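Student: Below you'll find the structure I mean.
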Amino acid sequence: MPFLAAFDPNLPKFVLLGLIIIGLGVVLRYFRQPYVVAYILAGVFLGEHGFAIVTDKTLITSMGEFGLILLLFFIGMEISLQDLLKKWRVATIGTTLQVLGSVLLVAFIGNYFDWSWNRIIVVGFVMSLSSSAVVIKLLQDNQETQSSTGKNVISILLMQDILIVPMLIATNYLGGNEPTADEVALQITGGVLIIGGILWLVRRKTVTLPFSKEIEKDHELQVFIAFIICFGFALITALFGLSAALGAFVGGIFVHTTRSTEWFHDSLHSFRVVFVALFFVSVGMLIDLDFLLDNWRIVSLLIVVVYLTNHLVNATVLHYFGRNWKYSLYGGALLAQVGELSFVLSASAYHAQIISDFAYQLTIIVISLTLLISPFWIAGTKKIVGLP
């Protein structure tokens, strides 16, 4: 029949994905848990390691990358540069201590398993990065992005996002794949341009978009303008060999200075929900249940050690900068998981043959499970310390 010839086989899979997310979301919402958990579990059920209903990981992962870009764009729209610059000491010291603590911890474990120093350093980098996607989504859901703890946590997350670039360069060096002088020069140029642009925005404080009054009530045109700014900034940084998500974040900061964030939110909010959900679905699809069952002891040990170390280091830093222990422990819980950018680092290390196939699978499982556990860890910490 003619209509069957035009039938896309992926259509029922996406419908099923939506139904599973809705079902899991209703259950988790009853227990006051965020939708992030539903997205990851949906990926586990539908992926090749679950019921193998959705096996095109490339499609889902690509859509998920769009979600990460949109998420960072929305984060940038809520960031005041003046407030962010006031938190530079928290961000710098907190990030430095978390990276050093993670590398030392992995060195202790790696010494027992006779790992090379190259592997120890890379795995330490991987474990030191927290999740901007999970943490900021939870802060937004709880309306805490403008709280003192929220601002401190976001400043540390942003510093970690910036550090992904030198970490990737270091990983290539450790794997013997030294970037060319042209590549390094291009990345340095991109970094200088970003810093210069941010300093210009700090000095200007407010920027006026051309034709802002004319497009204020034109919703269709607003959608495309928002898309161009978001993905245009992402494209520019990607062309300089830097993170596309970092470019989207800078684009969000630019939008914040225009004081036009309301219609940007309205234009892209639905797209963000869909694509961010697909990002976490792609994370769930990476969880190999057979590998997890065969290696549950070492996976459990790594998860516990990572959570305790990241939690303690960040809570101590936040307490040092003036928060009481109740809010410091909560902030430490927010930063305790391993982040989504660690997938990029671990893949780079795997392709550079710094880590073996076993170590790569182990890293993927640990990252994915810390993302899945994170909302429960944060909620449990809030309950223990007595926060509402």
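Student: Which of the following residues is surrounded by 22 or more Cβ atoms within 10 Å (Cβ to Cβ) and at pLDDT 75 or above: Val36, Val27?
Tutor: Among Val36, Val27, only Val36 is surrounded by 22 or more Cβ atoms within 10 Å (Cβ to Cβ) and at pLDDT 75 or above.
Student: Residue by residue through the range 334-388, note down the ones that are without any contact (Cβ under 8 Å) to a residue 60 or more places away in the chain, over 17 Å from His311 (Cα atoms) and aliphatic (A, V, I, L, M).
Tutor: Hit for the range 334-388 is Ala347, nothing else.
Student: Name the residues in the range 227-254 that are more than 23 Å from Ser131 (Cβ to Cβ) and at pLDDT below 80, would you?
Tutor: Once the filter is applied, which keeps residues that are more than 23 Å from Ser131 (Cβ to Cβ) and at pLDDT below 80, the range 227-254 yields only Gly241.
Student: Another question about this same structure. Output yes when any residue across the range 158-170 is under 18 Å from Phe73 (Cβ atoms), of a type in the set (S, T, N, Q), out of contact with any Pro (no Cβ under 6 Å at 6 or more places or on another chain) and in a helix (DSSP H, G or I), and no when none is.
Tutor: Yes, there is a match, as at least one residue in the range 158-170 is under 18 Å from Phe73 (Cβ atoms), of a type in the set (S, T, N, Q), out of contact with any Pro (no Cβ under 6 Å at 6 or more places or on another chain) and in a helix (DSSP H, G or I).
Student: Follow-up. Is it fair to say Gly150 is in a helix (DSSP H, G or I), at pLDDT 75 or above and farther than 29 Å from Lys137 by Cβ?
Tutor: no
Student: Right, another one. What number goes with the only condition from (1) more than 24 Å from Ala238 (Cβ to Cβ); (2) surrounded by 12 or more Cβ atoms within 10 Å (Cβ to Cβ); (3) touching a residue at least 12 places away in the same chain (Cβ under 8 Å) that Lys205 does not pass?
Tutor: Among (1) more than 24 Å from Ala238 (Cβ to Cβ); (2) surrounded by 12 or more Cβ atoms within 10 Å (Cβ to Cβ); (3) touching a residue at least 12 places away in the same chain (Cβ under 8 Å), Lys205 violates only (2).
Student: Taking the range 120-138 as the search range and keeping residues that are among the small types (Gly, Ala, Ser) and in a helix (DSSP H, G or I), which one is surrounded by the fewest Cβ atoms within 10 Å (Cβ to Cβ)?
Tutor: Ranking the candidates gives Gly124 first.
Student: Now, a different point. So, in the range 92-119, of the ones that are more than 17 Å from Ser348 (Cβ to Cβ) and not in a helix (DSSP H, G or I), which residue ends up nearest to the chain's Cα centre (by Cα)?
Tutor: Trp115
Student: Do any residues in the range 1-24 that are at pLDDT below 70 have Cβ atoms under 8 Å from those of residues that are part of a loop (DSSP other than H, G, I, E, B), where the two are at least six apart or on different chains, and which pairs are they?
Tutor: Asn10/Asp56
Student: Given the criteria farther than 20 Å from Gly101 by Cβ, at pLDDT 90 or above and not aliphatic (A, V, I, L, M), does Asp288 qualify?
Tutor: No, not satisfied.
Student: Here's something else I'd like to know. What is the one condition in (1) under 16 Å from the mean Cα position of the chain (by Cα); (2) modelled with pLDDT of 75 or more; (3) crowded, with 22+ Cβ neighbours inside 10 Å that Glu65 does not satisfy?
Tutor: (3)
Student: State the number of residues belonging to the range 132-178 that are farther than 26 Å from Ile373 by Cα, in contact with a helix residue (DSSP H, G or I) (Cβ under 9 Å, 6 or more places away or on another chain) and touching a residue at least 24 places away in the same chain (Cβ under 8 Å).
Tutor: The number of residues fulfilling the criteria is 8.
Student: Surrounded by 19 or more Cβ atoms within 10 Å (Cβ to Cβ) and under 17 Å from Ile156 (Cβ atoms): is that true of Leu362 in this structure?
Tutor: Criteria not met by Leu362.
Student: Here's another thing I want to ask about it. Can you find, within the range 255-281, the residue that is modelled with the highest pLDDT among those that are of a type in the set (Ser, Thr, Tyr) and out of contact with any Leu (no Cβ under 8 Å at 6 or more places or on another chain)?
Tutor: Out of the qualifying residues, it is Ser270.
Student: Here is a further query. Note down all Cβ pairs under 8 Å where the first residue falls in the range 288-300 and is over 22 Å from Ala42 (Cα atoms), the second is among the hydroxyl-bearing types (Ser, Thr, Tyr), and they're at least six residues apart or on different chains.
Tutor: none
Student: Filter the range 10-44 for residues that are out of contact with any Gly (no Cβ under 8 Å at 6 or more places or on another chain), assigned to a helix (DSSP H, G or I) and of a type outside the set (A, V, I, L, M) and give the result.
Tutor: Pro12, Lys13, Phe14, Gly18, Gly23, Gly25, Arg29, Tyr30
Student: Enumerate the helices (runs of 4 or more DSSP H) found wholly within the range 272-336, keeping only those where 2 or more residues are closer than 30 Å to Gly386 by Cβ.
Tutor: In the range 272-336, the matching helices (runs of 4 or more DSSP H) lie at 296-320, 325-334.
The values are calculated or read from the model by the stated rules, or taken from the named source; none is laboratory data. Nothing here was measured: the structure is a model prediction, and the numbers come from that model. Glycine also receives a Cβ, built like all others from the backbone with ideal geometry; neighbour counts cover every protein chain displayed.
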